[in-house]
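**Student:** Can you read through this structure? Questions will come right after.
The values are calculated or read from the model by the stated rules, or taken from the named source; none is laboratory data. Here the structure is a predicted model, which means the values were calculated and not measured. When we count neighbours, we look across all protein chains shown, and the Cβ atoms used for this are built from the backbone with ideal geometry, even at glycine. Heads up: the accessible areas ignore ligands, DNA and RNA and are worked out on the full protein's heavy atoms, side chains in. Shrake-Rupley method; radii C 1.70, N 1.55, O 1.52, S 1.80 Å.
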Amino acid sequence: ALTATADPLTRQEIVERLALHDARVFVSSFDRPNIRYTIVDKADGRAQLLAFVRESHAGEAGIVYCLSRRKVDETAAWLVTKEVDAIPYHAGMETSERTANQMRFQRDDGVVVVATIAFGMGIDKPDVRFVAHLDLPKSIEGYYQETGRAGRDGQPADAWMVYGLGDVVQQRRMIEASEAGEEHKRVASAKLDALLGLCETAQCRRVRLLAYFGEDSAPCGNCDTCLNPPETWDATVAAQKALSAIYRTGQRFGAVHLVDVLRGKETERVLRWDHQQLGVFGIGSDLDEAAWRDVFRQLVALGLVHVDHAAYGALRLTPASRPVLKGEQPVEMRRTAPRVRRTRKARTV
């Protein structure tokens, strides 16, 4: 039995289902040292992608993965308006057009294909210089398989992804809305949790990635956290404020409203619910909106907060939040780098 990108649990399942209990098992290294892993906080994903392509891979071949067919089409069309040679690929296209786009990507230089995960199986283009994700994959296995389509010629390549709270909410919703059994949903949730751990880690991404597949390694020096180590901060008080805001507002609201309450903004919705009367109103004015969004995102990733999609994305406390609220457990968070607007240098003639 041969497979790729299988974690220890999957390998064990293969052995059991195929009754290979007495067979020898060979596992090679999962490390792709020529790939640089970078995961950035999502502000404007499309604009961030364009900046990444222009600054690091102008005129080079790459793959951009999106979750929906509509987003594939819109992103490819938008990139073309920005003078990027981009083409779409997804299962909803006419077969002839899809085949033509796949052949063009494999044959021509410098083409960027924007695709759903339907693209990539069997693609053997050695000089793909980057793989970008505008949406969060479902698991580390999926992420590893998709990023592994970059740099197959052994030359330097990039695996780049933008990630935000909306991605977490979307993936949780997809799991909960699935018609699969509870066991399958539990496994899918665990796989998503592992991926969130990779996104939020302040340690070497490659160490975390390889550990998921059961492989020990040392810091690689070729990922964003190694090259620019992120700061961490004691977010215990901020976490307590955020958790208190969720509780005091009845666990019925999403992050946008909760940030308004914490920052003391008298919006129409805040006034309608009389949340300006709550003790948590305005207690978070020390942090800006972006910082609070990061706090809520990391609270979800840490398992202290759950997104209830049956209640239109309301944030609810999990049992794990209790010791934090009681001051029995500290919370350390990754500090997001400030967003700097890039200005293009004037050309000299």
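**Student:** May I ask for the Rg/Rh ratio of the chain, computed from Cα atoms with Rh as the Kirkwood radius, given to two decimals?
**Tutor:** On the Cα set of the chain, Rg over Rh gives 0.99.
**Student:** Hey, can you list the DSSP H helices of the chain whose Cα span along the axis is 24 Å or longer and whose average Kyte-Doolittle score is at least -1.0?
**Tutor:** Counting only whole DSSP H runs, the qualifying helices are 182-200.
**Student:** So for the pair Lys82, Gln106, with labels modelled 7 Å out along Cα→Cβ, what separation do we get in nm?
**Tutor:** The answer from the label model is 2.9 nm.
**Student:** I'd like to know which of Gln277, Met103, Phe30 lies farthest towards the positive end of the charge dipole of the chain, counting +1 on Cβ of Lys and Arg and -1 on Cβ of Asp and Glu.
**Tutor:** Final value for the positive-end residue is Gln277.
**Student:** Please report, in debye to the nearest 20, how large the charge dipole of the chain is about its Cα centre when each Lys and Arg carries +1 at its beta carbon and each Asp and Glu carries -1 there.
**Tutor:** Computed charge dipole of the chain: roughly 660 debye.
**Student:** When only Cα pairs under 8 Å and 6 or more residues apart are kept, what is the percent relative contact order across the chain?
**Tutor:** About 16 percent, as a whole number.
**Student:** Now a separate question. Within the set of other residues whose C-beta is less than 12 Å from the C-beta of Ala77, count the net charge using Lys and Arg as +1 and Asp and Glu as -1.
**Tutor:** Taking every Cβ under 12 Å from that of Ala77, the sum is +2.
**Student:** Would you work out which of Ala202, Gln12, Thr232 lies farthest towards the positive end of the dipole of the chain, given +1 charges on the beta-carbon of Lys and Arg and -1 on that of Asp and Glu, about the Cα centre?
**Tutor:** The one lying farthest along the dipole's positive direction is Thr232.
**Student:** For the chain, what is the percent of antiparallel DSSP beta bridges, rounded to the nearest 5?
**Tutor:** Within the chain, antiparallel bridges account for around 25 percent of the total.
**Student:** Quick check for you: with a 1.4 Å probe and neighbouring chains kept, what is the accessible area per residue of region 118-227, in Å²?
**Tutor:** 40 Å²
**Student:** Could you give the dipole magnitude of region 207-293 about its Cα centre, charging the beta-carbon of Lys and Arg +1 and that of Asp and Glu -1, in debye to the nearest 20?
**Tutor:** 460 debye
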